[in-house]
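FYI, it's all coordinate maths here, none of it is from the lab. No experiment lies behind these values; they were computed from the predicted model shown. We place every Cβ from the backbone using ideal geometry, glycine too, and count neighbours over all the protein chains shown.
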Amino acid sequence: MEKVCKMFQIISQKKITEDIFSLWIEVGDMVKDIRPGQFVSVYCGDGSRLLPRPISICEVAKATKAIRLVYRVVGEGTKELSMMKAEEEVKMILPLGNGYTLKEDKAILIAGGIGIPPMLQLAKELKKVEKTVVLGFKDSQTFLLNEFSFIPKTKVIIATEDGSVGVKGNVLDAIREEGVEGDVIYSCGPTPMLRAVKAYAQEKGIEAQISLEERMACGIGACLACVCQSKEVDHHSNVHNKRVCKDGPVFNAQEVEL
């Protein structure tokens, strides 16, 4: 689908936790072609911040022609976004990146931190598949748990670093403790977690699709600011690189070096 850069109207915005917000935006007929794992680039209204902020698409509502962004406030750009209200307009480019390739196999969805939101739409679209969603948090400040729980054929397991909720430890600790099994892994989160997921998938001999978190500038693959190491030579740069925004953010774990 062709990318569009324009102003879109905000439907609603809600604060979920101390620093995480949920934003619904009307995008019209574009909603039909958005895939789980894709993202948008959001521009600031302040002209001093030129580069857009990449934010994963959390949810798609075809009936209202809207998308949901669940994001963390980490700087001035996202702080500005968090202060916007219904009926205001925000400038975005969408849809960007390559999403997950959906399989009809028993699935394990693994996510940590702000990598959790894109798993929600993925879980919804894997509607005929038995799946276990394993979510990692630092502490008891969790989010989106109830929404995952209402998805059919879905078991939700929680890991927290401090042990305040669910299994004490990381997502891999929870998977082993709970005896989670599956035929394909979908994952999104910080690089150390993805590195562990890749090793676990190799150990079990199953496919893993991982979404990389990288700082991005242009969001369309032109600037090479978000490259990652790959096993194959990239046709654009002629080196062992992949552009996370253009070639990803979702890759087969075996394609990239972490």
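Identify all aspartates and glutamates with a Cα-Cα distance to residue 32 below 18 Å; exclude those on the same chain that are fewer than 8 residues away in sequence.
Reachable aspartates and glutamates: 2, 59, 125.
For region 92-134, state which trypsin sites (Lys or Arg not before Pro) are in a DSSP loop and have at most 10 other beta carbons lying within 10 Å of their beta carbon.
Here the sparse-neighbourhood loop sites are 128.
Using the Cα centre as the reference, give the magnitude of the dipole from point charges on the C-beta atoms of region 4-96 (Lys, Arg: +1; Asp, Glu: -1; all else neutral), rounded to the nearest 20 debye.
Values: 14 positive and 12 negative charges, 45 e Å.
It comes to approximately 220 debye.
On average, how much area does the Cα convex hull of region 98-211 cover when viewed from any direction, in nm²?
For region 98-211, averaging the hull's shadow over all directions gives 6.2 nm².
Going Cα to Cα from residue 204, which lysines come in below 28 Å? Please leave out same-chain ones fewer than 8 positions away.
The qualifying lysines are 103, 106, 124, 127, 128, 131, 138, 153, 155, 168, 231, 242.
Using unit Cβ charges (K, R positive; D, E negative) and no other charged atoms, how large, in debye to the nearest 20, is the dipole of region 55-199 about its Cα centre?
Computed charge dipole of region 55-199: roughly 320 debye.
So, with +1 on the Cβ of K and R and -1 on the Cβ of D and E, and no other charges, what is the size of the charge dipole of region 121-200 about its Cα centre, to the nearest 20 debye?
Approximately 280 debye in magnitude.
Which ³J(HN,Hα) values in Hz, rounded to whole numbers, follow from the phi angles of region 27-42 under the Karplus curve 6.51 cos²θ - 1.76 cosθ + 1.60, where θ = phi - 60° and Gly and Pro get x?
10, x, 5, 4, 4, 5, 10, 7, 10, x, x, 7, 9, 10, 10, 9
Obtain the radius of gyration and the Kirkwood radius of region 9-146 from its C-alpha atoms and give Rg over Rh.
Working: Rg = 15.1 Å, Rh = 15.7 Å.
Rg/Rh: 0.96.
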